[in-house]
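Here is the structure we will look at, set down as structure tokens.
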Ligand code: F6P
């Protein structure tokens, strides 16, 4: 097939996620293997708008696979939310002969790519976010590492919680969605998981569950609270007042974003990065890479944008049943 692409660009954007480096490495080495040149763009769209880019070779991505964060650096660009910014970014891509742009990032990064596509840039997005909140895919780079990090931390808090016979509220990340809370909560056998998808703000119900747990001889009560609900410190105070049970809140915060990626994150990120390059070389325009039902696929960016993703009701029900 006739292929006009000679050079691609790659950037990471939005919140960093463990495994992004594996994706960058796969993009660079796949592109080089197919005879393409690769420009690495620093600090996401922010760097693109400043033309902060450099030629990448095989050695540019040595020794990065096992590292958390992103060697390309990342940023959240306000200018890319404006028409003027998007137009300038598209002009820069044309001027710098970037004929395909691989964007590794989350929801906000996808929106930027969607706008760039409308201005004639051929984009291919790779889902990189710990939040798992991209509707077109069942897997996002960094989620696996983040939930494992959260799980380790919650296990530790559980030890001290049991010793002191306390209630512990642990707030995990996830933006507006409850995937990290649900997965880490199930993995740690949490007594209660609070997620934006179904929380009705009935604190009396939580208080009642704590009392029942105590009557059943439970030595602790672990609540995983999604950041989309927040107010963990306030909730801890109110629960302590109403139950008389000492209650502490821990907000796990940014530690969930760092650390060496798990095997799954390294392997899936590599598959997705490599696929992004091949999709561009196949001549496809404006795609996003997804993982669905055990397969790595690509779908149109506009179709991806219209998709919606719920939370598994089976998982929620199972978590409730097992928490007694
Ligand atoms: O999207 C990843 C994430 O860590 C979310 O879970 C969180 O809401 C957000 O980023 C925090 O963003 P920032 O790094 O801008 O504080």
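Every read-out reported here was derived from the displayed coordinates using simple, explicitly stated rules and does not represent laboratory data. As the structure is a prediction and not an experimental result, all values here were calculated from the model.
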Over the range 69-208, what number does the Rg to Rh ratio reach, with both radii from the alpha-carbon atoms and Rh per Kirkwood? 1.13
For the range 198-313, what does the convex hull of the Cα positions come to per residue, in cubic angstrom? 181
Out of all DSSP beta bridges with both ends in the chain, state the antiparallel percent to the nearest 5. 20
Could you grab the relative contact order for the chain? Cα pairs under 8 Å, six or more apart, rounded to a whole percent. 23
Helix 20-33 versus the longest principal axis of the chain: what is the Cα-based angle in degrees, 0 to 90, to the nearest 10? 20
Globularity ratio of the chain, using Cα Rg and 2.2 N^0.38 Å: 1.10
Which semi-axes, in whole Å and largest first, does the equivalent ellipsoid of the range 14-122 have when worked out from the alpha carbon gyration tensor as the square roots of 5 times its eigenvalues? 22, 16, 11
For the range 190-324 the mean separation of alpha carbon contacts under 8 Å (6+ apart) over residue count, i.e. relative contact order in percent, is 22
Work out the P(r) tail for the range 144-258: percent of alpha carbon pairs separated by more than 25 Å, whole number. 13
